[in-house]
Amino acid sequence: MNRTSRVMTAVAVAATLTVGGSAVSVAQDAGGGSAGPARAAVDGARGAVVSAEHLRTLSAGEVAAELAGDEAGAWDTGAVRYGVDTYRIVYRTVDPHGRPTTASGLLALPRNGERRLRAVSFTPGTELFKGDVASVSTSVWDQAPALVHASAGFATALPDYLGLGLGPGPHPWMDVPSETTAALDMLRASRTVAADRGRHLRREVLATGFSQGASAGLARALQERADTWFRLGAVAPVSGAYAFRDVELPALLAGETEEKASVIYTALALVAFNRLHHLYDDPAEVFEKPYRYTIEGLLDGTHPGRDVVLGTPDSLEELLTPRGRAMLERPSGGLAAALRVADSVCADWTPRAPVRLYYAAGDEQAVTANTTHCRAALRARGAHVRTVGLGTPDYENSRHLGSHQAGTAAVVRWFRSLSRAL
């Protein structure tokens, strides 16, 4: 639900998404590398740094010019105060089964002279292609959240998630536990890389994210002391599909979302969930011809979004067999288990940090009832949760994408207002 969404429109079908790709090399930073006395983790431990590469140094003016220069719609530059250094980090983490693996992510540090930095974790939206992530892509869209928050003075960590960027294997889409471990271990690696450069990350983490990333479970993990150093400072997700079973999936099936988005998200859910929860033995059980022969390969992370758009049908009727649709309409077994995992971010815990849920009216992808559902669930457990409407922002004729821009600007303003107390 990030740049993926850009290829779900007729405009994006005509655009070829080309970036450095997942084959980009990972080199040691000439300014000091990733090793140093500040490393708290031993090699092989979660969050240990495999490599760190300095990517770019931008002045405040260059940051502002880049954000304002997005041809499809400029990003708000009102919070830009400082230049930014960006780093690609490869770090050790675990896969959904707890086995050791590696992942990549982007760290952005402000060039403000401060040694003790407030930390922001931004968990991004859905990407179909390994190369369309912040640590690899050079597009303004993918880099913008890091640039916005870092130029406002925050050390900003963006995990690519498992299986994206330079991570091996397929991406376990909407799997909250692995999104959480990837985000937490990226924070740990970022602390090491920052310390190697004479910067110190404060304990309190300001957790934000967009779309798929709005449903990441980092905030809960931090509150429950999953890390010995980091603590939760505030929570500010934007346009999440927090209630996939009760809200988002019914909206996809009922045609309440943009049609191409419905097709791709439905296909992605079945393919990704099947890898972890075993929904079907043969794609022919749930996908019609010819997609039963191609859909799993098409969604393996190696195909640019344009290819996915062109390789999928325009309606769910063309995509799903009667059995596949029935499975989605009445989830049970493995699918029910997968949906419980996806919907766990707003269930069974009470945030003690300040929480704001940002949303756009008439969101054509993550329908706004998701936000209402999440707020009600958290308030029922005694949490004070504020919802913040962003109006009807637009980016490439998408309110969902527009909410990413408007929400990022609103979140960084709120985080700055909170920072004096943290």
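The values are calculated or read from the model by the stated rules, or taken from the named source; none is laboratory data. This structure is a prediction, so every number in the text was calculated from the model and none was measured. All Cβ positions, glycine included, derive from the backbone under ideal geometry; neighbour counts span all protein chains shown. Note: accessible area is taken over every heavy atom of the protein model, side chains too, but ligands, DNA and RNA are not part of it. Shrake-Rupley method; radii C 1.70, N 1.55, O 1.52, S 1.80 Å.
Kindly state, to the nearest 0.05, the FRET efficiency for Arg323 paired with His200, given R0 = 56 Å and r defined as their beta-carbon distance.
0.50
Roughly what % antiparallel, to the nearest 5, for the DSSP beta bridges in the chain? Intermediate values should be presented prior to the final figure.
Working: 26 of 50 bridges.
DSSP beta bridges in the chain are roughly 50 percent antiparallel.
How big is the range 212-359 in terms of Cα radius of gyration and Dmax, in angstroms?
Reported Rg and Dmax, both Å: 17.2, 52.
Restricted to Cα positions, what overall size does the range 191-284 have along the principal axes? Three whole-Å values, descending.
54, 29, 26
Skipping prolines and chain starts, which residues have an amide H placed within reach, meaning under 5 Å, of the one on Leu357, given they are 5 or more residues away or on another chain?
Arg386, Thr387, Val388
With no solvent and one equal point scatterer placed on each C-alpha of the chain, evaluate the Debye formula and give log10 I(q)/I(0) for q = 0.14 Å⁻¹, two decimals.
Log10 I(q)/I(0), no solvent term: -1.27.
For Leu117, list long-range residues whose amide hydrogen, built 1.01 Å from N in the peptide plane, is under 5 Å from its own amide hydrogen.
Result for Leu117 returns His200, Leu201, Arg202.
Along its three principal axes, how long is the range 367-418 when you only count alpha carbons? Whole Å, largest extent first please.
That works out to 38, 28, 12 Å along the principal axes.
Normalized C-alpha radius of gyration of the range 264-347, against 2.2 N^0.38 Å?
Numbers: Rg = 12.8 Å, N = 84, 2.2 N^0.38 = 11.8 Å.
Against the empirical 2.2 N^0.38 Å value, I get 1.08 for the range 264-347.
Distance between the C-alpha centers of the range 115-141 and the range 325-372? Whole Å please.
Taking the Cα centre of the range 325-372 as reference, the centre of the range 115-141 is 22 Å away.
Multiply the residue gap between Arg330 and Glu285 by 0.36 nm, knock off their C-alpha separation, and tell me the result in nm, one decimal place.
Residue separation times 0.36 nm, minus the Cα-Cα distance, leaves 14.6 nm.
Running a GNM on the chain with Cα contacts under 10 Å, which residue among Glu364, Glu114, Glu71 ends up with the highest mean-square fluctuation?
Evaluated over the chain, the most mobile residue of the options is Glu71.
Given a Förster distance of 60 Å, report the FRET efficiency between Thr57 and Ser315 from their Cβ-Cβ distance, rounded to the nearest 0.05. Before the final figure, lay out the partial values.
On the way: r = 47 Å, r/R0 = 0.79.
Once rounded, the FRET efficiency stands at 0.80.
Per the 1.4 Å probe, what fraction of the accessible area of the chain, in percent, lies on carbon and sulfur atoms?
49 percent
Go through 320-329, 366-375 and give me the packing order, highest mean Cβ count within 10 Å leading.
In descending order of packing, they fall as 366-375, 320-329.
Could you work out which residue, out of Ala376, Ala155, Ala64, moves most in a Gaussian network model of the chain, that is, has the largest mean-square fluctuation with Cα springs under 10 Å?
Of Ala376, Ala155, Ala64, the most mobile in the Gaussian network model is Ala376.
Bin width 10 Å, alpha-carbon pairs only: give the P(r) of the range 129-232 as whole percents, running from 0 to the bin holding the largest distance.
14, 47, 35, 4
So if R0 is 41 Å, what FRET efficiency would Val50 and Arg352 give, r being the distance between their Cβ atoms, rounded to the nearest 0.05?
On the way: r = 34 Å, r/R0 = 0.83.
Computed FRET efficiency for Val50 and Arg352: 0.75.
To the nearest 10 degrees, how steeply does helix 176-196 sit against the main Cα axis of the chain, on a 0 to 90 scale?
That works out to roughly 20 degrees.
If I histogram all Cα-Cα distances within the range 299-422 using bins 5 Å wide from 0, what percent of pairs lands in each bin?
2, 9, 12, 13, 18, 18, 13, 8, 5, 1, 0, 0
Roll a 1.4 Å probe over the protein chains and send me the accessible area per residue for the range 50-109 in Å². Write out the running numbers ahead of the final one.
Details: 2360 Å² over 60 residues.
Spelled out: the 1.4 Å probe surface of the range 50-109, per residue, equals 39 Å².
For the range 110-120, what does the Karplus curve 6.51 cos²θ - 1.76 cosθ + 1.60, with θ = phi - 60°, yield as ³J(HN,Hα) per residue in whole Hz, taken in order and with x for Gly and Pro?
My calculation for the range 110-120 gives x, 9, 10, x, 6, 8, 9, 10, 6, 10, 10 Hz in order.
Short version: ³J(HN,Hα) in whole Hz for each residue of the range 237-254, in order, from phi by Karplus 6.51 cos²θ - 1.76 cosθ + 1.60 (θ = phi - 60°), x for Gly and Pro, what are they?
Taking θ as phi minus 60°, the curve returns x, 10, 6, x, 9, 5, 10, 5, 6, 8, 10, 5, 4, x, 5, 4, 6, 8 Hz for the range 237-254.
Considering only Val263, Leu232, Pro250, whose Cα is most displaced toward the positive end of the charge dipole of the range 219-273, charges sitting on Cβ of Lys, Arg (+1) and Asp, Glu (-1)?
The Cα lying farthest towards the positive end belongs to Leu232.
Can you tell which of Gly402, Gly163, Gly391 shows the greatest fluctuation in a Gaussian network model of the chain with Cα springs below 10 Å?
Checking each option, the largest mean-square fluctuation is seen for Gly391.
Can you tell me the 0 to 90 degree angle between the C-alpha axis of helix 369-380 and the longest principal axis of the chain, rounded to 10?
For 369-380 against the chain, the angle is about 60 degrees.
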